1. Given the options 91, 76, 84, name the one that is of a type in the set (A, V, I, L, M), surrounded by fewer than 17 Cβ atoms within 10 Å (Cβ to Cβ) and modelled with pLDDT of 95 or more.
2. Among the candidates 96, 164, which residue alone is touching a His at 6+ places or on another chain (Cβ under 7 Å) and open to solvent by 10 Å² or more (accessible area, probe 1.4 Å)?
3. Any residue in segment 58-85 that's in contact (Cβ under 8 Å) with a residue 24 or more places away in the chain: show its pairings with residues that are among the hydrophobic types (A, V, I, L, M, F, W, C) and in a helix (DSSP H, G or I) at Cβ separation under 7 Å, as long as the two are six or more apart or on different chains.
4. Please work out which residue is nearest to residue 197 (Cα to Cα), limiting yourself to segment 9-43 and to residues that are polar (S, T, N, Q) and open to solvent by less than 50 Å² (accessible area, probe 1.4 Å).
5. Please work out if residue 47 is modelled with pLDDT of 95 or more, assigned to a loop (DSSP other than H, G, I, E, B), of a type in the set (A, V, I, L, M, F, W, C) and within 26 Å of residue 126 (Cα to Cα).
6. Among the listed residues 127, 112, 120, 202, identify the single one that is of a type outside the set (D, E, K, R), more than 16 Å from the ligand (Cβ to nearest atom), in contact (Cβ under 8 Å) with a residue 40 or more places away in the chain and open to solvent by 30 Å² or more (accessible area, probe 1.4 Å).
7. If you check 98, 136, 173, which single one turns out to be in contact (Cβ under 8 Å) with a residue 60 or more places away in the chain, β-branched (Val, Ile, Thr) and more than 18 Å from residue 42 (Cβ to Cβ)?
8. Based on this model, can you work out whether residue 103 counts as within 16 Å of the ligand (Cβ to nearest atom), surrounded by 14 or more Cβ atoms within 10 Å (Cβ to Cβ) and of a type in the set (D, E, K, R)?
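The values are calculated or read from the model by the stated rules, or taken from the named source; none is laboratory data. Since we're looking at a predicted model, the values are computed, not measured. FYI the Cβ positions are ideal-geometry reconstructions off the backbone, even for glycines, and counts take in every protein chain you see. We work out accessible area using only protein heavy atoms, side chains counted, and drop any ligands, DNA or RNA first. Shrake-Rupley method; radii C 1.70, N 1.55, O 1.52, S 1.80 Å.
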Amino acid sequence: MKLLHLDSSVLGPHSVSRQVSAAIVERLRQADPGLDIVYRDLASTPLGHLTGSHLAAGQGASPDASLREDIAAGQAVLDEFLAADIVVIGAPMYNFTIPSQLKAWIDRILVAGKTFKYGAQGVEGLAGNKRVIVAISRGGFYGPDTPAAVGEHLETYLRWVFGFISIKNCEFIAADGTQVGPEHREKAVAGALQAAGNLAAA
Ligand SMILES: Cc1cc2nc3c(=O)[nH]c(=O)nc-3n(C[C@H](O)[C@H](O)[C@H](O)COP(=O)(O)O)c2cc1C
């Protein structure tokens, strides 16, 4: 079994989502010591944004040397994703949604003909039967009964993105209210780490 582990927080060792994503991977590794784990840090090694030149190259235009390198990096992350049976993502909320580093990764894996296609019945996801587990961390609270619920574009966005490419049962472990105060933060992290430890084995 192959596991792809991604982090996207810019806060390095102080990051909540990194701590929780690591705990998820550790839980799954303990359950299956033979897991083949690939790690990618999208904050320390960011992918470039898509440009018109990328799209032109996709249509057959000949890319220059620097673009060729970037296209190869994009192909590598797509191959990694397609090869994975399990994907674990650390995803903090920045300005109500995912970090732009994680969006750049999504832009490289949502590729027509590879992970989805349009057909007579509309969109068909092609990503297959992966297990996706996301460790999300949010400074505030965004539950359905809160005034901020309408501003939640992190979990809802990722659920939609993965559903679009056929992964309908994305699992989320949330640490919420990390910026409300130290007590809230401690409680949120402890709860998320416990949930990670209780995850069903692969
Ligand atoms: C640039 C930036 C933007 C943020 N925007 C939001 C936000 O829109 N809503 C929110 O609830 N928290 C926001 N926060 C707080 C983070 O979501 C919170 O601190 C979270 O625990 C960060 O996860 P991390 O420690 O893994 O980076 C923001 C933090 C940063 C650094």
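1. The match here is 76.
2. On the way: 164 fails: touching a His at 6+ places or on another chain (Cβ under 7 Å).
Selected residue: 96, the only one of 96, 164 that is touching a His at 6+ places or on another chain (Cβ under 7 Å) and open to solvent by 10 Å² or more (accessible area, probe 1.4 Å).
3. That search, which allows pairs on different chains as well, returns 77/105; 77/109; 78/109; 81/109.
4. Pass one, segment 9-43, residues polar (S, T, N, Q): 9, 15, 17, 19, 21, 30.
Narrowing the set further to residues that are open to solvent by less than 50 Å² (accessible area, probe 1.4 Å) leaves 9, 15, 17, 21.
On the way: 9: 21, 15: 18, 17: 15, 21: 11 Å.
My answer is 21.
5. So residue 47 passes the test.
6. On the way: 127 fails: open to solvent by 30 Å² or more (accessible area, probe 1.4 Å); 112 fails: in contact (Cβ under 8 Å) with a residue 40 or more places away in the chain; 120 fails: in contact (Cβ under 8 Å) with a residue 40 or more places away in the chain.
After applying the criteria, what remains is 202.
7. On the way: 98 fails: more than 18 Å from residue 42 (Cβ to Cβ); 136 fails: more than 18 Å from residue 42 (Cβ to Cβ).
Just a single option satisfies the conditions, and that option is 173.
8. Numbers: within 16 Å of the ligand (Cβ to nearest atom): yes; surrounded by 14 or more Cβ atoms within 10 Å (Cβ to Cβ): yes; of a type in the set (D, E, K, R): yes.
Yes; evaluated as a whole, the condition is true for this residue.
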